[in-house]
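So the structure is just underneath, and the comments pick up after that.
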Amino acid sequence: MGDIDFTQEIASHVIWNVRLQCFLDGGECITKEQAISHKQCCLGKWLYSKGMVKYGVIPEMQEFEKIHKKAHKAVSRIIQMKNKGDVYSAETELAKLKLINERIIFLLNIIEGEVKEQGVIQ
């Protein structure tokens, strides 16, 4: 299957979301850059160093890249709302982010299946 452990990437994403909640609650679990940049989180670093190079031909991988960016834009909005004291809007946006994150995990599982089935490795 190559050098990617999809189970590890999914676990890292789940942990990142826990750290994001900690960050939003005022903790120092992640930096603001890791929260808002789709290239600075662990999943983004993998995506742009290896993921798109090796698996970019898989249609779900292309969708994954788009939705990953969308997730970080939502995080940026959440942080802005929280900083303005608009907790209700931030919580509403956070609920939307949870749906986006479910899609991210779903896509990673699909991509993993494609890689195993077709051996999509360059």
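The values are calculated or read from the model by the stated rules, or taken from the named source; none is laboratory data. The structure presented is a predicted model; accordingly, all values stated were derived computationally and were not measured. Cβ atoms come from the backbone with ideal geometry, glycine included; neighbour counts cover every protein chain shown.
When region 80-122 is limited to residues that are surrounded by 13 or more Cβ atoms within 10 Å (Cβ to Cβ) and not in a helix (DSSP H, G or I), the one that is modelled with the lowest pLDDT turns out to be 120.
Only one of the numbered conditions (1) crowded, with 17+ Cβ neighbours inside 10 Å; (2) free of Cβ contacts under 8 Å to residues at least 60 places away in the same chain is violated by residue 69, and that is (1).
Are any of the residues in region 11-23 in a loop (DSSP other than H, G, I, E, B) and over 20 Å from residue 104 (Cα atoms)? No; the residues of region 11-23 include none that is in a loop (DSSP other than H, G, I, E, B) and over 20 Å from residue 104 (Cα atoms).
What is the residue count in region 1-11 for residues that are surrounded by 15 or more Cβ atoms within 10 Å (Cβ to Cβ) and modelled with pLDDT of 75 or more? Please lay out each step first, then the result.
Of the residues in region 1-11, the ones surrounded by 15 or more Cβ atoms within 10 Å (Cβ to Cβ) are 4, 6, 9-10.
If we keep only those that are modelled with pLDDT of 75 or more too, we end up with 6, 9-10.
Looking only at that region, the number is 3.
With respect to residue 38, is the statement that it is free of Cβ contacts under 8 Å to residues at least 60 places away in the same chain, part of a loop (DSSP other than H, G, I, E, B) and within 19 Å of residue 10 (Cβ to Cβ) true?
Details: free of Cβ contacts under 8 Å to residues at least 60 places away in the same chain: yes; part of a loop (DSSP other than H, G, I, E, B): yes; within 19 Å of residue 10 (Cβ to Cβ): yes.
Against the criterion (free of Cβ contacts under 8 Å to residues at least 60 places away in the same chain, part of a loop (DSSP other than H, G, I, E, B) and within 19 Å of residue 10 (Cβ to Cβ)), residue 38 qualifies.
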